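> Here it is, the structure, as structure tokens.
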Amino acid sequence: MHRAHVSKIGMTALVPPELIFACAGEPFDVNNIIPASKNYPKNKLCAWTAIWREMLVKREIKIDSLIVVAGGDCHNALVDGQKAAMSGIPTHFFFYPFDGDVQYLESQLHKLSSFLGNIEYPEKFRDVKALKKLGRKIDNKRLNGKISSSEAFRILVSFSDLMGDLDRFRNALDIKEGNIALNNRVALIGVPPIYHDFHEAAQSLDLQIVFDELPYEFVRHSGDDINEVALDYCNYTFARSLDFRIEFLQKELEKRKVEGVIHYTQFACHHVLEDEILRAKLDYPMLTIQGDLPGKTPQQIKLRLEAFREVLERS
Amino acid sequence: MPSKAGRRFMIGLDVGSTTAKIVRIVDGEIEYQITGTHNWKELVKGVKKEDIISTGYFRHSVPHRASVTEITAAQFGVKHYFPEAEVIVDIGGQDTKVIDVKSNNFIINDRCSAGTGAFLEFVANYFKLELNEIGTLHFQAKRIPDINNTCGVFAISEMISQLVAGYSKEEVIAGMHYAFARRISFMIPETETIVLIGGTVKNEGMVSALRDILKKDILMPPEPQIVNALGALKYYS
């Protein structure tokens, strides 16, 4: 059974896309268009949320309804999401539990399911789970130098909405393999950089990003039904306490044998405040960079990356 | 730079946003030359590309055998004078870099002119003075007005208000040095000793204000402007 019209569901941060597909929706992560955007919002703190808010209000992003992740992860989204809602877009506010309470998350997922019109295609849970398994394989190939970090990032970050089309997305996962020298293995933690060529820039400076913290979360969680999704997504690190996230990071960085960590921070994002804690807890040379507006990686950021490579080469 | 006919030397070339510097070591002695960035070619007349180690903002644009970022060059250059240096503050014309040598961390202010040499240049230009002159006038101030604005443009308006309120030119200049030094101090981590380098630190008034605010040991190499060029040379060798 196919609907004549599939609703396009905007999402402001990670919302289980498997549930949206199962409810016959087409997930669309509004952040995915920001790095290539030429939109300079008038009233902004963080450019990520300000740009999608402005584009939504002006109807430059065509969606039928919006899910705002208002609890856990992004704080600015709570206000910018309300501005989008006030402009007339049907909006649902989704809250992750800070303490990982599975029952709370399950109740949130049921509310979301009602907003989306309830589950019509339960098999989509398993379809998405299978694709995420392929995503983790891609991540592993990057870790072993079989595919470039920019290619791996491009795919992993797309797992937030799986391009809104599972068949199209499955075809996009077919990547040519090669052999990439893994000098200067670094992890990229924090929110993804707002620059569309950041991974290429790092690669050109001989820094190999072998871990993308947030995109890895996009392939890490899944489930065959709402209960399993709740069980797994309650470990979504960005919505949890710093201790929880740091413990996960420590294991992941060790497993991936990284030599250094790049902490990307976004201007006026509350995650900036985490930098000193991450520096104190993660025992690696760390470079903190901060971006503001989208575009190409600025020269000043490239200088920092190059100097960081020199640090790694000396240590 | 004295001619050393018939002998080839490696040189460190630092081409920054406002000045270009060249360093070579001849019989154990450091020789250097400084000019405006636009004249950088004058510094390398007759020098072969294979003998140049470049650094600075334009390090990739000038001929070089090898290049190194100014952040790494600063560490190698400072080490020559102060092997135990923990924190280096490089105040240049267009940016300020704070390098925490121990933790391999560096903070760069390149978004806002208030913490760079450009800020003090605004002040000097306003009074139609040279940069070194405002550094000397600082010490003639009898009292120091509070200039609280952290934005370069607004600080200039505040400076004018203080002049209208009756503060002398020397006092207002000292106030601006304190405003600048306070801004820099926010970037400096906990440490006992700080090494200052870069063209702007030749301003004695600003250094005095920074010393007063930080209450730490402040060390400076004999010629703070050529440290990165020296560091490039040392890095390579």
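Each value in this text was obtained by applying a stated rule to the coordinates, not by laboratory testing. The structure displayed is predicted, hence computed values, not measured ones. Note that each Cβ is placed from the backbone with ideal geometry, even for glycine, and that neighbours are counted across all protein chains shown.
> Pairs B:Lys102/B:Lys215; A:Lys251/B:Lys97; A:Lys146/A:Lys251; B:Lys45/B:Lys234; A:Lys137/A:Lys296; B:Lys79/B:Lys102: which are spaced more than 24 Å apart, C-alpha to C-alpha?
In this structure, A:Lys251/B:Lys97; A:Lys137/A:Lys296 exceed 24 Å between Cα atoms.
> To continue, here is another question. Mind grabbing the base-10 log of I(q)/I(0) for segment B:148-233 at q = 0.17, 0.19, 0.20 Å⁻¹? Debye formula, identical points on the C-alpha positions, no solvent, two decimal places.
-0.78, -0.90, -0.96
> Nearest 0.05, what FRET efficiency do A:Lys38 and A:Glu120 give at R0 = 35 Å with Cβ-Cβ as r? Before the final figure, lay out the partial values.
On the way: r = 38 Å, r/R0 = 1.08.
It comes to 0.40.
> Could you give me the radius of gyration and the Dmax of the protein assembly as shown, taking only the C-alpha atoms into account and expressing both in angstrom?
Using the Cα atoms of the protein assembly as shown, the pair Rg, Dmax is 27.2, 88 Å.
> Let me ask something additional. Treating the beta-carbon of each Lys and Arg as +1 and of each Asp and Glu as -1, no other charges, what is the dipole magnitude of the protein assembly as shown about its Cα centre, to the nearest 20 debye?
The dipole magnitude comes to about 1280 debye.
> Find which of B:His38, A:Pro285, A:Thr49 sits farthest along the positive direction of the dipole of the protein assembly as shown, computed with +1 on the beta-carbon of Lys and Arg, -1 on that of Asp and Glu, about the Cα centre.
Selected residue: B:His38.
> How long is chain B along each principal axis, judged by its Cα atoms, biggest number first, in Å?
The principal-axis extents, from largest down, are 62, 37, 30 Å.
> What angle, in degrees between 0 and 90 and rounded to the nearest 10, separates the Cα long axis of helix A:123-143 from the longest principal axis of the Cα atoms of chain A?
In chain A, helix A:123-143 runs at an angle near 10 degrees to the longest axis.
> Moving on to the next point. Using the Kirkwood formula over every pair of different C-alpha atoms, what hydrodynamic radius in Å results for segment B:16-56?
11.0
> Ratio of alpha-carbon Rg to the 2.2 N^0.38 Å globular estimate for segment A:81-203, to two decimals, please.
So segment A:81-203 has a normalised radius of gyration of 1.33.
> Could you tell me the largest-minus-smallest coordinate of the C-alpha atoms of segment A:7-115 on each of the three principal axes, in descending order and whole angstroms?
40, 30, 25
> Would you work out the charge dipole size for chain B about its Cα centre, treating the Cβ of every Lys and Arg as +1 and the Cβ of every Asp and Glu as -1, and quote it to the nearest 20 debye?
In total the dipole reaches around 640 debye.
> Based only on the alpha carbon positions, what is the Kirkwood hydrodynamic radius of segment B:186-237, in angstrom?
After inverting the mean inverse Cα-Cα distance, the result is 12.2 Å.
> While we're looking at this one, here's another question. Relative to a virtual label point 7 Å from the Cα of B:Arg8 in the Cα→beta-carbon direction, which members of segment B:34-56 show backbone nitrogen distances below 17 Å?
Inside the label zone: B:44-54.
> Please identify which residues in segment B:23-43 have an amide N closer than 15 Å to a label point set 7 Å out from the Cα of B:His80, following the Cα→Cβ vector.
The answer is B:23-34, whose backbone nitrogens lie closer than 15 Å to the label point.
> Something else about it: Please give the Cα centre distance for segment A:14-49 versus segment A:254-291, rounded to the nearest Å.
24
> Quick check on my link table: of A:Lys111/A:Lys133; B:Lys49/B:Lys202; A:Lys8/A:Lys58; A:Lys42/A:Lys111, which ones sit more than 22 Å apart, alpha carbon to alpha carbon?
Violating the 22 Å Cα-Cα cut-off are A:Lys111/A:Lys133; B:Lys49/B:Lys202; A:Lys42/A:Lys111.
> Here is a further query. If you place +1 on the Cβ of every Lys and Arg and -1 on the Cβ of every Asp and Glu, how big does the dipole about the Cα centre of chain A come out, in debye to the nearest 20?
Approximately 680 debye in magnitude.
> Starting from the eigenvalues of the Cα gyration tensor, five times each then square-rooted, give me the equivalent ellipsoid semi-axes of segment A:134-314, largest first, whole Å.
Whole-Å semi-axes of the equivalent ellipsoid: 25, 21, 16.
> Next up: How crowded by other chains is A:308-315, given as the mean number of beta carbons from other chains within 10 Å of each beta carbon?
So the per-residue partner count for this stretch is 4.
> Shifting gears a bit: If you wrap a convex hull around the Cα atoms of segment B:171-210, how much volume per residue is inside, in Å³?
69
> What's the angle, to the nearest 10 degrees (0 to 90), between helix B:227-236's Cα axis and the longest principal axis of chain B?
The two axes meet at around 30 degrees.
> Using Cα atoms only, what is the angle between the long axis of helix A:299-314 and the major principal axis of chain A, expressed in degrees (0 to 90) to the nearest 10?
Here the helix axis deviates by roughly 60 degrees.
> Over the Cα atoms of chain A, what is the Rg over Rh ratio if Rh follows Kirkwood?
Numbers: Rg = 18.9 Å, Rh = 19.9 Å.
For chain A, the value is 0.95.
> Semi-axes of the equivalent ellipsoid of segment B:84-220: what are they in whole Å, largest first, if each equals the square root of 5 times a C-alpha gyration tensor eigenvalue?
Values: eigenvalues 130, 43, 32 Å².
Equivalent ellipsoid semi-axes, largest first: 25, 15, 13 Å.
> Can you pull the one-decimal nm distance between simple spin-label points at A:Lys133 and B:Lys169, each 7 Å off the Cα toward Cβ?
8.0
> A further question follows. Given A:Ser150, B:Val164, A:Ile246, which one lies farthest toward the positive end of the charge dipole of the protein assembly as shown, if we put +1 on the Cβ of every Lys and Arg and -1 on the Cβ of every Asp and Glu?
Going by the Cα projections, it comes out as A:Ser150.
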